[in-house]
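Here is the structure we will look at.
The values are calculated or read from the model by the stated rules, or taken from the named source; none is laboratory data. Computed from a prediction, not measured in an experiment: that's the story for all the values here. Positions of Cβ are backbone-derived with ideal geometry, glycine not excepted, and every protein chain shown enters the neighbour counts.
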Amino acid sequence: STNRVHRIAVIPGDGIGKEVMPEGVRVLEAAAKKFGFKLAFDDFDFASCDYYEKHGRMMPEDWKEKIGTHDAIYFGAVGMPDRVPDHISLWGSLILFRREFDQYINLRPVRLMPGVPSPLANRKPGDIDFWVVRENTEGEYSAIGGKMFPGTDREVVVQETVMSRVGVDRVLKFAFELARSTPKKHLTSATKSNGIAITMPYWDERVKEMAKNYTDVKWNQFHIDILTAHFVMNPDRFNVVVASNLFGDILSDLGPACTGTIGIAPSGNINPERNFPSVFEPVHGSAPDIFGQGIANPIGQIWSGAMMLEHVGEHDAAAAIVKAIETVLSQDKLRTRDLKGPASTSECGKAVAAALG
Ligand code: NAI
Ligand code: MG
């Protein structure tokens, strides 16, 4: 019914974020109209280098109040390295969202789309279609450690991997739930328990334990080294792949790389409990090299919008957007320049909205 209203914070950010965001919003509005729900968009100009140059900081002090109660955050890209150093722009915005909003899931679909040449030989659309679920808050990326005797012959550095039962179980639960919701009902765990002999056997133990709650899900595990080889050699074998922070970081770049251009890859930084809003954003950055030409591919932004609708419970609309993306990508004249097509950013975006019917 039309009583369903989702409040969305819209943050285009920098560079091509400002060009692809209007196309994302256009497609979301078309989907809302077609599927009978409402989207209440609130636009924000912070988390951008323009904002930084005006205010001396990336976001206002009360940014958490401003966007903390929305149902989701729709984000473009941040970074203008010639104007503001990347560590300031990224750590002052995106990284704060992920930390302060406890977005412990990083979710990326890996799907070979029509019209997008795969760097892997002899693969066609349908052959590659899976999800990478990355733990986003702990694991190998910890702040525990230090440096002793710096600058001397005794110099020593230590950085500890941190795996908590809460932290491991919650990402595994999300991944098993996702696997259960898919037709293949299969899950793969990335491990390295033969070499990393304390934390990774613990990860494996928690996988085994969690699997007991999901007897309808078949699962297996691979050590990370052979798993990366399988991503390239046998990508058709995967459905849901769950991994620690470091392994997931690698797999969530390798997967989309196997399916073509960075211009179409979407992602979600998710707090599944919905205690905080989740952020949906394209994988690509602000692309200063093509900004202002109207040629950026809007599909990554649009597909991220579909993931956002899935998150707020609009499953039919989400599926319809992905289908509309496939329809558009399969036509040469509707593709943008990165895919050897003639379409502008807005021509491509309008075509996706039109394909929704
Ligand atoms: P980038 O992803 O912005 O660009 C890499 C290359 O891909 C460029 O040649 C660009 O033209 C092309 N490209 C990217 N998106 C495209 C699209 N939608 N359509 C067509 N071509 C596209 O990565 P780069 O150049 O390393 O970083 C630029 C800025 O973006 C930096 O400040 C960086 O820190 C930031 N960045 C931000 C991210 C985010 O907001 N999540 C992620 C990655 C980078
Ligand atoms: Mg990465």
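Scan (1) at pLDDT below 95; (2) of a type in the set (S, T, N, Q); (3) buried (at least 24 other Cβ atoms within 10 Å of the Cβ) for the single condition T261 breaks and write down its number.
For T261, the failing item is (3).
Can you name the residue in the range 43-100 that is of a type in the set (V, I, T) and more than 10 Å from G13 (Cα to Cα) and is also nearest to ligand 2 (Cβ to nearest atom) among such residues?
I95
Could you list, in sequence order, the residues of the range 256-282 that are among the aliphatic types (A, V, I, L, M) and farther than 14 Å from R111 by Cα?
Answer for the range 256-282, where residues must be among the aliphatic types (A, V, I, L, M) and farther than 14 Å from R111 by Cα: I270, V279.
If you take the residues in the range 25-80 that are under 22 Å from T345 (Cα atoms) and of a type in the set (F, W, Y), which one is surrounded by the most Cβ atoms within 10 Å (Cβ to Cβ)?
The residue in question is F75.
Looking at (1) part of a loop (DSSP other than H, G, I, E, B); (2) out of contact with any strand residue (DSSP E or B) (no Cβ under 6 Å at 6 or more places or on another chain); (3) among the small types (G, A, S), which one does A47 not meet, given that it meets all the others?
If we test A47 against (1) part of a loop (DSSP other than H, G, I, E, B); (2) out of contact with any strand residue (DSSP E or B) (no Cβ under 6 Å at 6 or more places or on another chain); (3) among the small types (G, A, S), just (2) comes out false.
Scan the range 225-257 residue by residue and report those that are within 16 Å of ligand 2 (Cβ to nearest atom), of a type outside the set (D, E) and crowded, with 19+ Cβ neighbours inside 10 Å.
Of everything in the range 225-257, those that are within 16 Å of ligand 2 (Cβ to nearest atom), of a type outside the set (D, E) and crowded, with 19+ Cβ neighbours inside 10 Å turn out to be F231, V241, A243, S244, N245, F247, G248, L251, S252, G255, P256.
What number of residues within the range 335-350 are buried (at least 22 other Cβ atoms within 10 Å of the Cβ) and either touching a His at 6+ places or on another chain (Cβ under 6 Å) or assigned to a helix (DSSP H, G or I) (or both)?
Selection size over the range 335-350: 3.
Is it true that some residue in the range 154-170 is within 30 Å of P60 (Cβ to Cβ), of a type in the set (S, T, Y) and touching a residue at least 12 places away in the same chain (Cβ under 8 Å)?
No, the range 154-170 has no match at all.
Quick check on the range 320-334: of everything there that is of a type in the set (V, I, T) and buried (at least 21 other Cβ atoms within 10 Å of the Cβ), which residue is farthest from ligand 1 (Cβ to nearest atom)?
Per the stated criteria, the residue is I321.
Yes or no: the range 258-270 includes at least one residue that is assigned to a helix (DSSP H, G or I), under 17 Å from T191 (Cβ atoms) and within 16 Å of ligand 2 (Cβ to nearest atom).
No - not one qualifying residue is present in the range 258-270.
For residues that are surrounded by fewer than 19 Cβ atoms within 10 Å (Cβ to Cβ) and more than 10 Å from ligand 1 (Cβ to nearest atom), scanning just the range 272-292, find the one that is farthest from the chain's Cα centre (by Cα).
G292
Run G294 past the list (1) in contact with a Ser or Thr (Cβ under 8 Å, 6 or more places away or on another chain); (2) within 16 Å of ligand 2 (Cβ to nearest atom) and report the number of the one that doesn't hold.
The single condition G294 does not satisfy is (2).
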